[in-house]
Amino acid sequence: MKLNHLDYYRLPWNLTDNSISWLEPTSKCNLYCDGCYRKNENAHKSLQVIEEELNVFTRLRKCDGVSIAGGDPLTHPEVVEIVRMVKAKGLKPILNTNGLALTKELLLELKKAGVYGFTFHVDSKQSRPGWKDKTEIELNELRYQLASMLAEAGNISCAFNSTVYEDTMQFVPELVKWGQKHIDIVQVMVFILYRAVNNTKVDFYLGPKKIDMGEFVYNEEPVERTDIKAEEIYELIKNEYPDFDSCAYLNGSEKPDSFKWLLSGRLGTKNKIYGYMGKKSMEIIQTFHHLLFDRYLAYSTPKMTRKGKSMLLLGFFDKGLRKTFFNFIKNPLNLFKRLHYQSVMIIQPVDFLEDGRQSMCDGCPDITVWNGQLVWSCRMEEQLKYGHNIRSFPKDLIKS
Ligand code: SF4
């Protein structure tokens, strides 16, 4: 299915004014997920270094939230203090974690420190103790446990992301269905399409020097597809939900008509989805948030996402929400029900183009700090090893 990017709202995020930024307080992790782009090393950053990195963000870039990632941030012994530091800068602290080290006690401490939300990475390629060899569907039980913990703690945003491989993409519609079943306690479902270096198509260079990519964690002989597109996942979801539609996107830095972040917003209850947000609503929300708070919106708390009925007022300007409104009031008794909002995001990381260029997410929200500069978090191993990003060219174009 070929979507026309011009039919959707281009999220206004850019290098200096974005919804989120990406902080990596540690590269240590307590799992070894396939497709991870960071070396699992026992390297926690000090609070002083973290403070300096946060200062780089606040000096160079407006943002609403900070994804505290890694590694796994919960392995950092001072994670509570890190959350407090992010909050003290007026930013929303969002923990990107596999959830393995999360206990009720730690969650309460994090809540007191001001945590705004969690993005749990849960998928079937994590060799997770107690959950080895479970399918994506069987892992829904774990997802439910994690979401329930947050719901019990109260008003903390809950997102799930999973890396999508050729052999797991078939499960995406089921996961979207599971998201609907728990729309009252899950605010966001994210699907990140698996990427790895593709040595069969391109050669890699640092200046004139050819680089052996074998040293990188994201180098792999591509036994599986490394080029799944957001549109394919969109189509799969549409098979399950024929009305499924998106409202906004980020394009590729080298390919304007590609969908690097493809966002859908749906309104419904545990039993039924009544409709989808259109491009005008997302434009109004982002624009007004920026007018009022001087930054673009990232993440919303359950208290806000359960106000789906108020969002229907935007139906005056938005075709998608107008249709949702009429679907909803077909049964007037619905007016006594709570209507929830939930986001579904598909992320399509770096693409290698035929001419060797690497197309990144234009307006990368997951940009991080290295050496005082903003760099793509998905390619930071290159910075760590060489101090630069590596360029690629079609295979054997340059004869040495
Ligand atoms: S460019 Fe890389 S780091 Fe930035 S949003 Fe895309 S995948 Fe994430």
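Going residue by residue through segment 266-278, is there one that turns out to be touching a residue at least 12 places away in the same chain (Cβ under 8 Å), closer than 22 Å to residue 170 by Cβ and in contact with a strand residue (DSSP E or B) (Cβ under 9 Å, 6 or more places away or on another chain)? Yes, segment 266-278 has at least one match. Would you say residue 345 is among the aliphatic types (A, V, I, L, M), under 30 Å from residue 391 (Cβ atoms), out of contact with any helix residue (DSSP H, G or I) (no Cβ under 6 Å at 6 or more places or on another chain) and surrounded by fewer than 22 Cβ atoms within 10 Å (Cβ to Cβ)? Taking the combined requirement at face value, the residue satisfies it. Of the residues making up segment 354-368, at least one is closer than 23 Å to residue 199 by Cβ and in contact with an Asp or Glu (Cβ under 6 Å, 6 or more places away or on another chain).
Taking the options 258, 264, name whichever one is within 16 Å of the ligand (Cβ to nearest atom) and either part of a loop (DSSP other than H, G, I, E, B) or within 14 Å of residue 3 (Cα to Cα) (or both).
Values: 264 fails: within 16 Å of the ligand (Cβ to nearest atom).
Every option except 258 fails the conditions.
Could we say that residue 363 is more than 8 Å from the ligand (Cβ to nearest atom), touching a residue at least 40 places away in the same chain (Cβ under 8 Å) and farther than 24 Å from residue 250 by Cα here? Break it down stepwise before answering.
Working: more than 8 Å from the ligand (Cβ to nearest atom): yes; touching a residue at least 40 places away in the same chain (Cβ under 8 Å): yes; farther than 24 Å from residue 250 by Cα: no.
No: the conditions fail for residue 363.
Residues checked against (1) within 16 Å of the ligand (Cβ to nearest atom); (2) out of contact with any strand residue (DSSP E or B) (no Cβ under 7 Å at 6 or more places or on another chain); (3) of a type in the set (Ser, Thr, Tyr); (4) under 30 Å from residue 149 (Cα atoms):
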position: 173; (1), (2), (3), (4): no, yes, no, yes
position: 180; (1), (2), (3), (4): no, no, no, yes
position: 216; (1), (2), (3), (4): yes, no, no, no
position: 244; (1), (2), (3), (4): no, no, no, yes
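Cβ-Cβ distances below 7 Å connect the following pairs, each with a first residue in segment 366-394 that is aliphatic (A, V, I, L, M), a second residue that is more than 14 Å from the ligand (Cβ to nearest atom), and a separation of six or more residues or different chains: 369/53; 369/56; 369/57; 374/60; 390/204; 390/205; 390/206; 390/211. In the set (1) touching a strand residue (DSSP E or B) at 6+ places or on another chain (Cβ under 6 Å); (2) surrounded by 18 or more Cβ atoms within 10 Å (Cβ to Cβ); (3) basic (Lys, Arg), the condition left unmet by residue 357 is number (1). Taking the numbered list (1) at pLDDT 95 or above; (2) within 16 Å of the ligand (Cβ to nearest atom); (3) buried (at least 23 other Cβ atoms within 10 Å of the Cβ) in turn, residue 71 passes all entries but (1).
Can you confirm whether segment 38-49 contains a residue that is in contact with a Cys (Cβ under 8 Å, 6 or more places away or on another chain) and surrounded by fewer than 22 Cβ atoms within 10 Å (Cβ to Cβ)? Show your work before the answer.
Taking segment 38-49 as the starting set, the residues that turn out to be in contact with a Cys (Cβ under 8 Å, 6 or more places away or on another chain) are 38, 40.
Still in the list and also surrounded by fewer than 22 Cβ atoms within 10 Å (Cβ to Cβ): 38, 40.
Taking every residue of segment 38-49 in turn, at least one turns out to be in contact with a Cys (Cβ under 8 Å, 6 or more places away or on another chain) and surrounded by fewer than 22 Cβ atoms within 10 Å (Cβ to Cβ).
Scanning segment 311-359 for residues that are more than 16 Å from the ligand (Cβ to nearest atom), touching a residue at least 24 places away in the same chain (Cβ under 8 Å) and assigned to a loop (DSSP other than H, G, I, E, B), we see that the one that is nearest to residue 186 (Cα to Cα) is 338. Residue 103 versus (1) surrounded by fewer than 24 Cβ atoms within 10 Å (Cβ to Cβ); (2) touching a strand residue (DSSP E or B) at 6+ places or on another chain (Cβ under 9 Å); (3) closer than 22 Å to residue 145 by Cα: which is the lone unmet condition? Condition not satisfied by residue 103: (2). Here is the figure for segment 128-155: residues that are under 15 Å from residue 175 (Cβ atoms), surrounded by fewer than 16 Cβ atoms within 10 Å (Cβ to Cβ) and of a type in the set (S, T, N, Q) total 1.
For segment 1-112, list the strands (runs of 3 or more DSSP E) that sit wholly inside it and hold at least 3 residues that are of a type outside the set (A, V, I, L, M, F, W, C); which are they?
Numbers: elements: 20-23, 65-68, 92-97.
Here the list reads 92-97.
Scanning segment 196-220 for residues that are in contact with a helix residue (DSSP H, G or I) (Cβ under 8 Å, 6 or more places away or on another chain), crowded, with 18+ Cβ neighbours inside 10 Å and either part of a loop (DSSP other than H, G, I, E, B) or not hydrophobic (A, V, I, L, M, F, W, C) (or both) turns up 216, 218. Report yes if residue 148 is at positive phi and among the hydroxyl-bearing types (Ser, Thr, Tyr), otherwise no. So residue 148 does not fit the description; no.
The values are calculated or read from the model by the stated rules, or taken from the named source; none is laboratory data. Please read these numbers as outputs of a predicted model, since none were measured by experiment. Neighbour counts run over all protein chains shown; Cβ positions are idealised from the backbone, glycine included.
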